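What follows draws every value from the coordinates through simple rules; no lab data is involved. Every value quoted in this text rests on a predicted model; they were computed, and no experiment measured them. Positions of Cβ are generated from backbone atoms using ideal geometry, with glycine treated the same way; all protein chains shown enter the neighbour counts.
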Amino acid sequence: MSCVAAKTDTHEGAVQIELKMFMKFKRFLPEGSADGKATISLPAGATFKDLLHHIDMPVVEDKIIVINGISHKQSDKVNALSLQQGDTVAIFPPIAGG
């Protein structure tokens, strides 16, 4: 399965992350993305919130966030997490059940 690189700066100091989006959130992936994932280039020091702005996803949209296999609750603390080269970020819509 291949990832599609987003059209962004790939100059020195940029970091590339793998972004996986599920269900209704796939619509936020760059055009041409396959299998619900894409490689995204962001400036070094970019935060999770910067990623959300980059893909035009509302920060306030309810979501389940998994960064490098660790689940996080949506919060200002998570929004401020700095993303590193090679990080994998997965975003799921909330799941209800009973």
Largest-first principal axis extents of the Cα set of the stretch 4-92 (Å): 32, 27, 22
Trypsin sites (Lys or Arg not before Pro) within the stretch 45-98, DSSP loop, no more than 15 other Cβ atoms inside 10 Å: Lys73
Rounded to the nearest 20 debye, dipole of the stretch 4-92 from Cβ charges on Lys, Arg, Asp, Glu: 320 debye
Proximal charge balance of Ala80 [Cβ under 13 Å; K/R count +1, D/E count -1]: 0
